[in-house]
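Colleague: Below is one structure. I have some questions about it.
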């Protein structure tokens, strides 16, 4: 039996990464991300920053993603897995917080857990502009 390599487009893992510096301390950024996710992640969010906790995010357009929190380092890192109900493609999302001059750098990284064609997959939950607006309200 001969094995033939698949075309690159069929086995490519897409990675979406967004980064922003919030003008708040890391602990405050963590609170905003984990206690007020409706301000920036999705229109309705059920999230508890505990390993094994269920996660649900719903957008006004009807899209919903459900998943589970995998790892938590309070104030520094949260990693979860969720399923895209529209495409059936599961992905892993990681939030990373680092202290930097002027505030906290927040990196949001999402990658599918199965090979997908890039044009067939859309990352959700990366509205960092909304997160920045919310952090400005908290800084006051």
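Bear in mind these aren't lab numbers, they're just calculated from the coordinates by the rules spelled out. What you see is a predicted model, and the numbers here were worked out from it, not measured in a lab. Note that each Cβ is placed from the backbone with ideal geometry, even for glycine, and that neighbours are counted across all protein chains shown.
Colleague: Please give the contour-minus-distance gain from residue 99 to residue 61: 0.36 nm per residue of separation, less the Cα-Cα distance, rounded to one decimal in nm.
Modeller: That works out to 10.2 nm of additional length.
Colleague: What FRET efficiency would be calculated for the residue pair residue 92, residue 25, taking the C-beta separation as r and a Förster radius of 25 Å, to the nearest 0.05?
Modeller: The computed FRET efficiency comes out at 0.40.
Colleague: Taking neighbour counts of Cβ atoms within 10 Å as a proxy for exposure, in what order, fewest first, do 114, 108, 21 appear?
Modeller: In order of increasing Cβ crowding within 10 Å: 114, 21, 108.
Colleague: With r as the distance between the Cβ atoms of residue 111 and residue 46 and R0 = 22 Å, compute the FRET efficiency 1/(1 + (r/R0)^6) and round to 0.05.
Modeller: Once rounded, the FRET efficiency stands at 0.45.
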